[in-house]
Amino acid sequence: MAIRIDGKALAAKVKSQVAAEAAKLPRKPGLAVVLVGEDPASQVYVAGKERDCAECGIESFGHRLGAETTEDELLALVRRLNGDPRVDGILVQLPLPGHLSEETVINAIAPDKDVDCFHPFNVGRMVIGDPVFLPCTPAGVMAMLDEYEIPIRGKRCVVLGRSNIVGKPMAALLTQRDGTVTVCHSRTEDMAQYAREADILVSAVGRTGLVTADMVKEGAVVVDVAMNRDGDGRLCGDVDFAAVEPKASCITPVPGGVGPMTRACLMRNILTAAALHQA
Ligand code: NAP
């Protein structure tokens, strides 16, 4: 039976390290959290991030804007936050309402406050291996692999999904650690054939039941990034956990796996930004 990777426990450890480091800074780190509209899932995520900030001794400044907010208004707020010395990090919760360009808004965030690591400057730095911040979800996955002493060098890694926030940076970080990486996506023919070769299989697609036991090699490490809802509305991943767990050597559960680590890595990025600003 596979070892279950405990993302919740590791996240608690990371957050207590962040709290200890934050307490040593002359000024409390600050995060501005911008939420546009009333998407219920976004409201839950934002509340969670604000709770994490409180736990880590990070001040959070909430900005709740109506769904009808114009792009100019949102950009004006971002520019104001860019210049606010109490704010070390700016988080604009995605997705934004359809009339707002996520790209334009992300590009307006000062790169030294881009704690999500979505700005092209930070993505570029990460890809060349000289990062300021690391993208939270892939960084959380790497931290879990390291905590459980899972070797990456020379291993066959397969990433399902190629989004800018998960799949692509995940592939970049695994490559930097000497993994041999294959990225699959919606146009991949016979994805199962690639998945079966994986020593480390990371699924970040967003489809319940996508990864079945026959797609997993005996002894593989299986990381499930997805956060889906099953027919009963319960949180679940892409991986058929009950069927895959007996074949895997290590596996992340959903919930309690990658999700908490994503949040913990955000706290780490805010600490990094605060340390830079107060150096
Ligand atoms: P996304 O932007 O929708 O990207 C999904 C990716 O999956 C795309 O690259 C898409 O391919 C690919 N895909 C879609 N259907 C596929 C199929 N049938 N076979 C193979 N690939 C397929 O999603 P995302 O933002 O990366 O998020 C992915 C999942 O992770 C979601 O469940 C999300 O909720 C979750 N997530 C979790 C965390 C966390 O903290 N745990 C953080 C972020 C996201 P194309 O590029 O060809 O369209």
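The values are calculated or read from the model by the stated rules, or taken from the named source; none is laboratory data. Predicted model, so just to flag it, every value in this text is computed and none were measured. Cβ coordinates were reconstructed from backbone atoms using ideal geometry, including for glycine residues, and neighbour counts include every protein chain displayed. Heavy atoms of the whole protein, side chains included, go into the accessibility calculation; ligands, DNA and RNA do not. Shrake-Rupley method; radii C 1.70, N 1.55, O 1.52, S 1.80 Å.
Observations on the structure shown:
- Counting DSSP beta bridges with both ends in the stretch 27-111, the antiparallel % (nearest 5): 0 percent
- Measuring r between the beta carbons of ARG153 and SER16 and using R0 = 30 Å, the FRET efficiency lands at 0.55.
- Extension reserve of the ASP130-LYS8 stretch, reckoned as 0.36 nm per residue once the Cα distance is removed: 41.1 nm
- Spatially, the stretch 86-106 and the stretch 191-215 are offset by 31 Å when compared through their Cα centroids.
- Neighbour cut-off at most 10 other Cβ (10 Å), DSSP loop, GluC sites (Glu not before Pro), the stretch 174-279: GLU189, GLU218
- Formal net charge of residues neighbouring SER42 (Cβ-Cβ distance under 11 Å; K, R +1; D, E -1): 0
- Seen from every direction in turn and averaged, the convex hull around the alpha carbons of the stretch 27-111 projects onto 5.2 nm².
- Cysteines without a disulfide-compatible neighbour (Cβ-Cβ under 4.7 Å), the chain: CYS53, CYS56, CYS117, CYS157, CYS184, CYS236, CYS250
- When all alpha carbon pairs of the stretch 151-279 are counted in 5 Å bins from zero, the resulting P(r) reads 2, 11, 19, 22, 20, 12, 6, 4, 2, 1, 0 %.
- Sorting PHE61, PHE133 by accessible area puts them as PHE61, PHE133; the probe is 1.4 Å, largest comes first, and only protein heavy atoms count.
- Hydrodynamic radius (Kirkwood) for the stretch 9-61, which is based on Cα pairs only, to one decimal in Å: 12.0 Å
- For the stretch 27-111, the per residue solvent-accessible surface stands at 47 Å², with DNA, RNA and ligands left out and a 1.4 Å probe.
- Taking a sphere under 12 Å around the Cβ of THR208 and counting the other residues whose Cβ falls inside, with K and R at +1 and D and E at -1, yields a net charge of -2.
- Among ILE150, ILE58, ILE200, residue whose mean-square fluctuation peaks in a GNM of the chain (springs only between Cα atoms under 10 Å): ILE150
- Solvent-accessible area per residue in the stretch 136-259 equals 44 Å², computed with a 1.4 angstrom probe and all protein chains kept.
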